[in-house]
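The values are calculated or read from the model by the stated rules, or taken from the named source; none is laboratory data. In this text, all values refer to a predicted model and were calculated from it rather than measured experimentally. Neighbour counts run over all protein chains shown; Cβ positions are idealised from the backbone, glycine included.
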Amino acid sequence: MHEADAWTDDGDGVVLSPHPVPTERDVEATLRPKRLADFVGQARVREQLELVLEGARRRGVPPDHVLLSGPPGLGKTSLAMIIAAELGSALRVTSGPALERAGDLAAMLSNLVEGDVLFIDEIHRIARPAEEMLYLAMEDFRVDVVVGKGPGATSIPLEIAPFTLVGATTRSGSLTGPLRDRFGFTAHMEFYSAEELEQVLRRSAAILGVELRPDGAAEIAGRSRGTPRIANRLLRRVRDYAEVRADGAVTLPVARAALEVYDVDELGLDRLDRAVLGALVRTFGGGPVGISTLAVAVGEEPSTVEEVCEPYLVRAGMLARTPRGRVATAAAWHHLGLEPPAQTLGDPAPTLFDA
Ligand SMILES: Nc1ncnc2c1ncn2[C@@H]1O[C@H](COP(=O)(O)OP(=O)(O)OP(=O)(O)O)[C@@H](O)[C@H]1O
Ligand SMILES: [Mg+2]
């Protein structure tokens, strides 16, 4: 199951989830950048990709296989679609979990037309036999289909059309070495700066017909956890507020008031994030404390605390994972309006989104 499936649109904490909620797929499609030129930020990745695509275009061959790696909501799927669009190629879409048997992949591969882009989302979750088939396909544009069982089994080589594989993963660490090595180019997606998120928001506001003022954009960007998907979602929530309780324009006061309603604080922490920090600081004196104990203290599953809250708290410099358990940094104490005890990790407070 994809982590996102655990979410519902009306539950607590969803507004800051980096995963898509089921009801927003349509609007996400509307807001997706279609060409490289519309794709905001990730300057490095964009430049590298431009070279890869242009080089291949000049040589008249499909470009090297591309691996897109990075946290959810940063634009991997968008970029895969853009690669196909820039090449003028068809995009075939599948995902790691869908390729349970090698036969599923063989069917997909044998239907490819020369130059097609095959997008495998969550490629780290591909089953072993399919992965092994993929090695040969990526390297030699060939698959060996095994017919029969036991000593009588024979393998029939099957040619496939030269194609470009685009793989996306939120966990490049759990990709096997042989698979990783077969990608000619790996794009590491970074979290977006506040300025880049403002640009994303301006673009989205124009598409949605929202009157977004610069100070309103800055306020939303600062609370979006470096993630375009979250920025777009907060924009939609703020728009609701602006239309219902104000004159429709997203100004600074409107953005502030709206985000307060949705429990998103100035640093982009929600109620659960603050509960985790609060328990860590107030109940456990700043730690170290084990993840299960911490989770019980806030009435959540350890996996929720670990996968939903922690990545951002760590990145924001408020929580540290140590061998003895979770520890609150000085920034966490300050954020809760408390004075950290002497020898607290990380005084003075670090800045968010340092490059
Ligand atoms: N660089 C960008 N410029 C403009 N909008 C963006 C950009 N990156 C992402 N977005 C917006 O964020 C949304 C989510 O992006 P996308 O689905 O491509 O992320 P993802 O990395 O594939 O996430 P996941 O890991 O959940 O699959 C898109 O619908 C798009 O509106
Ligand atoms: Mg995606």
Worksheet, complete the sentence: Pairs returned, first residue in the range 119-132 that is β-branched (Val, Ile, Thr), second residue that is buried (at least 21 other Cβ atoms within 10 Å of the Cβ) and part of a loop (DSSP other than H, G, I, E, B), beta-carbon separation under 6 angstrom, 6 or more apart or interchain, are Ile126/Leu99
Discussion item. For Val244, only one of the following conditions fails: (1) more than 21 Å from the chain's Cα centre (by Cα); (2) assigned to a helix (DSSP H, G or I); (3) surrounded by 15 or more Cβ atoms within 10 Å (Cβ to Cβ). What is its number?
Written reply: (3)
Worksheet, complete the sentence: Of the residues in the range 2-22, those that are under 16 Å from Ala231 (Cα atoms) and either within 10 Å of ligand 1 (Cβ to nearest atom) or at pLDDT 85 or above (or both) come to Val15, Leu16, Ser17, Pro18, His19, Pro20, Val21
Discussion item. Scan the range 139-158 and tell me whether some residue there is touching a residue at least 60 places away in the same chain (Cβ under 8 Å) and either away from ligand 1 (no atom under 16 Å from the Cβ) or out of contact with any Phe, Trp or Tyr (no Cβ under 8 Å at 6 or more places or on another chain) (or both).
Written reply: no
Worksheet item: Among the numbered criteria (1) within 16 Å of ligand 2 (Cβ to nearest atom); (2) in contact with a helix residue (DSSP H, G or I) (Cβ under 6 Å, 6 or more places away or on another chain), which single criterion is violated by His65?
Response: (1)
Worksheet, complete the sentence: Picking from Val113, Val66, the residue that is touching a strand residue (DSSP E or B) at 6+ places or on another chain (Cβ under 6 Å), aliphatic (A, V, I, L, M) and modelled with pLDDT of 95 or more would be Val66
Practice prompt. Go through Arg35, Arg57, Arg25 for me and flag whichever is more than 17 Å from the chain's Cα centre (by Cα), within 13 Å of ligand 1 (Cβ to nearest atom) and either basic (Lys, Arg) or farther than 17 Å from Glu114 by Cα (or both).
Written response: Arg35
Item to complete: Give me the pairs, please: first residue somewhere in the range 75-87 and in contact (Cβ under 8 Å) with a residue 40 or more places away in the chain, second residue anywhere and hydrophobic (A, V, I, L, M, F, W, C) and within 8 Å of ligand 2 (Cβ to nearest atom), beta-carbon distance under 9 Å, and either six or more positions apart or on two chains.
Response: Lys76/Ala168; Thr77/Ala168; Leu79/Ala168; Ala80/Ala168
Worksheet entry | Glu310 under 23 Å from Tyr192 (Cβ atoms) and surrounded by fewer than 14 Cβ atoms within 10 Å (Cβ to Cβ) | no
